[in-house]
Amino acid sequence: MELRQLEIVVALSEELHFGRTAERVHLSQPALTQALSRFESQLGARLFERTSRRVTLTPAGAALVPRARALLDQAADAADLVGRIARGEEGTVRLGVVGSAMLNLLPELVRSVRDRHPGIELDIREEIGTTQVEELRQGRLDLGIVHVAAGAPPEGLRVLQLRAEPLSIALPADHRLAQRSVLRLPELRDEPLVLVRPEQEADTSALYLGACADAGFAARVGPRVTSLQAQLSLVAAGLGWAFVSRSVIESLDRSGVAFVALRGTAARLPMALAWPARGLTAPARLVRATAETLAQGSFEAS
């Protein structure tokens, strides 16, 4: 049994006319008659009664038609699915995300992917930057959102810069500078800086320490933590100050913490999409293209 045979049966059951059916299935009328006769011989049953005046379904034909339609629909669906998978429009993309990207970058990306490519499922995994780099190299992630500058990709990876966010300062709410609208780094030179552990976010730690050095002092490093939430908790407890990005200020209202704009530094926190240099799956390429479109809007707005 072939799909073409089922197509002929369904078409003839709807037209009940050999001439119109032959035109519809792109056959000559004799070829249509021969094809139908061969199929009936294979089945051992007549599917249509035909006279010079009319064509009608036999009981066997009436039983076959709905099943034939279902098989043709399933075949069409299967062909469509295969095509969508080949084009990358169906599939799963394993996406690593640093914690700060969860605040507003990730929701924007997820919404855009769903709108543009509803057949792509994002398997989102919150992971620190160093873990993502290793998992991208090992093929356990397809894409990763990390704090890496576009000009300095980790070995074996490629990156697309998504954002470069201005830095602000997080201070205890009762700090002497907490009511200021802006401040400069030298004003904090004698106070402890709360940092995420460099083995987790080496590039970010280097960026912050470098900003202090560029401002003319070596940062007095205080507590080292493993997450943004822990960092802000220690700031709220009065154990030091911390760098924060614009997205943190826009997304968080942390009790006990004051956010103050930073002036006098060119340092910005990079947010980049990273992927293995060996290439991407078709769905991952579409997610990357979506992220690139969002990135263009971010840089135009900044």
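On the stretch given as segment 119-136, residues that are closer than 30 Å to L81 by Cα and not in a strand (DSSP E or B) total 3.
From V55, V98, V65, grab the single residue that is within 27 Å of I249 (Cα to Cα), modelled with pLDDT of 90 or more and surrounded by 13 or more Cβ atoms within 10 Å (Cβ to Cβ).
V98
How many of the residues in segment 182-235 are in a loop (DSSP other than H, G, I, E, B) and more than 28 Å from the chain's Cα centre (by Cα)? Let's see the steps before the verdict.
Quick first cut of segment 182-235, residues in a loop (DSSP other than H, G, I, E, B) only: 189-191, 197-201, 215-219, 226-227.
Now drop any that are not more than 28 Å from the chain's Cα centre (by Cα), which leaves 189-191, 215-219.
Adding up the residues that qualify gives 8.
Pairs only if they're at least six apart or on different chains, beta carbon under 9 angstrom, first in segment 140-156 and without any contact (Cβ under 8 Å) to a residue 24 or more places away in the chain, second assigned to a loop (DSSP other than H, G, I, E, B); list them, first residue then second. Within 9 Å, the pairs are E155/A277.
The single condition among (1) within 21 Å of R111 (Cβ to Cβ); (2) open to solvent by 20 Å² or more (accessible area, probe 1.4 Å); (3) at pLDDT below 90 that A295 does not satisfy is (2).
The listed residues are F18, F39, F48, and the only one of them that is in contact with a strand residue (DSSP E or B) (Cβ under 6 Å, 6 or more places away or on another chain), over 30 Å from L162 (Cα atoms) and of a type in the set (A, V, I, L, M, F, W, C) turns out to be F48. Checked against (1) within 30 Å of F217 (Cβ to Cβ); (2) modelled with pLDDT of 90 or more, V248 meets all criteria but (2). Per the conditions (1) modelled with pLDDT of 95 or more; (2) open to solvent by 70 Å² or more (accessible area, probe 1.4 Å); (3) touching a helix residue (DSSP H, G or I) at 6+ places or on another chain (Cβ under 8 Å), the sole criterion not satisfied by R184 is (3). For segment 254-285, the set of residues classified as open to solvent by 40 Å² or more (accessible area, probe 1.4 Å), within 24 Å of V133 (Cα to Cα) and either in a helix (DSSP H, G or I) or out of contact with any strand residue (DSSP E or B) (no Cβ under 6 Å at 6 or more places or on another chain) (or both) consists of R278, T281, R285, listed by residue number.
Hey, can you tell me all the residues within segment 98-139 that are aliphatic (A, V, I, L, M) and touching a residue at least 40 places away in the same chain (Cβ under 8 Å)? Outline the logic, then answer.
Taking segment 98-139 as the starting set, the residues that turn out to be aliphatic (A, V, I, L, M) are 98, 101-103, 105-106, 109-110, 113, 120, 122, 124, 128, 133, 136.
Within segment 98-139, V98, A101, L103, L105, L109, V113, I120, L122, I128, V133, L136 meet the criteria.
If we keep just the residues of segment 236-254 that are touching a residue at least 60 places away in the same chain (Cβ under 8 Å) and more than 20 Å from P166 (Cα to Cα), which is nearest to the chain's Cα centre (by Cα)? Per the criteria, the residue is A236.
Just one of the listed residues (R46, R84, R4) is basic (K, R), closer than 30 Å to H117 by Cα and out of contact with any His (no Cβ under 6 Å at 6 or more places or on another chain), namely R84. Tell me, which residue of segment 107-125 that is buried (at least 19 other Cβ atoms within 10 Å of the Cβ) and out of contact with any Pro (no Cβ under 6 Å at 6 or more places or on another chain) is nearest to L162 (Cα to Cα)? This residue is L109.
The values are calculated or read from the model by the stated rules, or taken from the named source; none is laboratory data. Every value quoted in this text rests on a predicted model; they were computed, and no experiment measured them. We place every Cβ from the backbone using ideal geometry, glycine too, and count neighbours over all the protein chains shown. These accessible areas exclude ligands, DNA and RNA; they are computed on the full protein's heavy atoms, side chains included. Shrake-Rupley method; radii C 1.70, N 1.55, O 1.52, S 1.80 Å.
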